[in-house]
Amino acid sequence: MNTKPIIQVENVSKKFTYTAERMPNSLKSYVINALHGRFASKSREIHVLNNINFEIYPGEFVGIMGRNGVGKSTLFKLICGIYTPTSGKIEVRAPLAPLLELGAGFLFDLSGYENIFLNAAILGYSRQATLNTLDQILEFSELGDMIYMPLKNYSSGMIVRLGFSIATHIDVPILLVDEILAVGDAGFQKKCLDKIQSLHKAGRTIVLITHNPEAVKQHCDRCIVFSNQNKVFDGKPTDGANAYLESVC
Amino acid sequence: MEVFINSLKMNLFSGFTWDVFCFKKKYLLYNLLTSNLKVRYRQSVLGLFWTLLKPLCMAGFYYFVFNKIMKVTLPNHLMFLLVGIFPWTFFSQTLMEGMESLTSHWGLLSKAPIPLQIFPLVSTLANMVTFFAALPILLGMSLVFTQPTFVLLLVFIYCFLLFLLCYGLALILSVLHVHFRDLKQMMALILQVWFFITPIMYEPSTMPKAYQWILYLNPIAFIFSGFQSVLVKGIPPQFLHFLIAVGWANGLLVLGILLHKYYTKNLVEKL
């Protein structure tokens with residue numbers, strides 16, 4: 001491909017440092033330990049990602065698979081800048097919408113309508129962009145008049161519907177989707193996947209974390225599989241799904 | 001030295017205009033602030049009234065104890081107490097909320113890329129709204145009970161200084177609270193001591209000479225004495241005292257900004 005990659009991940013490693021249980025993070029225990037001459041906290045390092053390299057090009061629909069705890073979500077957080085990599089470089093060349101959780105920052109005392117603006121602002125959308133797509137958001141969420149009720153009166157399915165509607169109706173070139181489709185009923189899951197598919201057709205770049213090999217085979221152009229802190233597969237979705245099933249079993 | 005100052009300026013202004021004042025994120029700031037205020041005051045119609053009632057009651061109690069029981073009288077005594085206790089309520093509330101502003105938003109911060117400085121700012125601004133609701137009460141009393149002059153306008157400068165100082169401390173405490181979770185219990189004690197070493201119930205001049213140094217080391221002492229002299233006595237504060245207040249407010253703000261700029265890289269993981 002001649003075009004520049006829209007997301008470039010170069011030699012990225014990430015390790016977390018956990019303090020051992022004997023050093024809880026309180027000032028009291030810090031002072032007591034200092035009095036006993038134990039300044040350095042006993043910490044344990046956990047390598048989550050090790051020397052990861054890959055590129056994602058504009059317009060691709062990439063599925064990311066791997067067993068639980070393999071670092072998929074960490075990778076997403078690195079890409080959208082919540083975490084900083086321990087080493088390596090990540091470049092993102094267009095605005096992205098991080099859908100790590102539907103309805104991040106929803107406040108349950110406010111109405112659904114007010115939460116649309118709050119959540120959109122948290123995702124980085126402008127007021128004008130939100131206003132322009134407000135009607136479509138309301139329609140897709142199927143909430144009707146419930147939209148003016150406080151969020152605490154919603155069912156969990158309704159909250160997910162609202163969160164998904166806000167996240168997918170505003171025009172952003174890159175969409176990072178993290179397993180959020182595991183919730184909601186079958187009908188809504190299908191509707192969401194169809195919506196994501198239509199965004200892909202419209203030219204957006206989509207990166208999807210999923211545990212569903214069928215969804216990958218059906219929708220993705222490319223599949224990346226992670227296992228033991230490393231990228232073990234990068235290529236055709238059908239082969240990727242098999243590699244994933246192998247790494248899990 | 002000049003290089004150092006220039007790099008400091010560069011750092012401050014790039015960090016300041018982009019992140020701290022959140023020009024880029026001003027729409028997010030606006031949304032977080034209005035939602036915070038809505039949640040705070042929606043549940044009860046009298047929301048704002050309750051928040052103002054607490055300092056009013058406190059001032060009333062202190063007036064009764066000092067003026068009636070212990071027979072210590074000051075001119076305009078009740079008003080004198082109110083002028084100290086309203087800013088103090090703002091100050092202590094902001095510190096407690098600002099301290100927890102990062103730890104309490106853990107869920108959001110680990111799910112969306114948001115500049116961390118925005119949460120202490122939201123806490124400070126939300127409390128500032130309450131304080132501004134109380135300001136007409138103080139100004140009104142000053143107009144009625146004293147001979148007002150243009151000196152009264154200085155009160156807005158002191159409000160701004162208090163805001164800068166609160167934001168600076170909120171920035172510092174919010175980072176410390178991530179590392180030391182028992183800071184909250186300690187803050188309750190610290191605030192209690194702080195209340196009594198600050199000129200709120202007394203004038204700074206009544207502090208014995210041997211203890212005057214406490215005032216100079218207390219970052220808020222000359223802001224509070226400034227409120228007293230401007231609102232109650234109607235005379236401008238000593239220039240040196242004013243400078244010290246400006247120095248403390250800006251110093252703590254710069255410290256807070258630098259702390260956030262250099263020590264928050266991996267903070268979200270530790271929340």
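Looking across A:G163, A:G187, one residue alone is in contact (Cβ under 8 Å) with a residue 24 or more places away in the chain and either in a helix (DSSP H, G or I) or not hydroxyl-bearing (S, T, Y) (or both). It is A:G163.
Selection of strands (runs of 3 or more DSSP E) fully inside segment A:41-92 by the criterion of at least 2 residues being over 21 Å from A:F233 (Cα atoms) returns A:43-56, A:87-92. Out of the residues in segment A:176-195 meeting the condition of being of a type in the set (A, V, I, L, M) and surrounded by fewer than 22 Cβ atoms within 10 Å (Cβ to Cβ), tell me which one is modelled with the highest pLDDT. It comes out as A:L193. Assess whether B:K265 counts as being free of Cβ contacts under 8 Å to residues at least 60 places away in the same chain, within 14 Å of chain A (Cβ to nearest Cβ) and charged (D, E, K, R). Answer is yes for this residue.
Segment B:72-191 holds helices (runs of 4 or more DSSP H) entirely within its bounds, and those carrying 1 or more residues that are away from every other protein chain (no Cβ under 14 Å) and of a type in the set (S, T, Y) map to B:77-99, B:118-145, B:154-179.
Exactly one residue out of A:D109, A:D135 is charged (D, E, K, R) and either in contact with an Asp or Glu (Cβ under 7 Å, 6 or more places away or on another chain) or over 25 Å from A:Q189 (Cβ atoms) (or both): that is A:D109. Summed over segment A:113-171, residues that are within 10 Å of chain B (Cβ to nearest Cβ), touching a helix residue (DSSP H, G or I) at 6+ places or on another chain (Cβ under 8 Å) and among the aromatic types (F, W, Y) total 1.
Set side by side, the residues B:F145, B:F150 differ, and just one is free of Cβ contacts under 8 Å to residues at least 60 places away in the same chain and more than 22 Å from the chain's Cα centre (by Cα), which is B:F150.
The values are calculated or read from the model by the stated rules, or taken from the named source; none is laboratory data. Keep in mind that this is a model prediction, so the values were computed, not measured. Cβ sites come from the backbone with ideal geometry, for glycine too, and all protein chains shown count toward neighbours.
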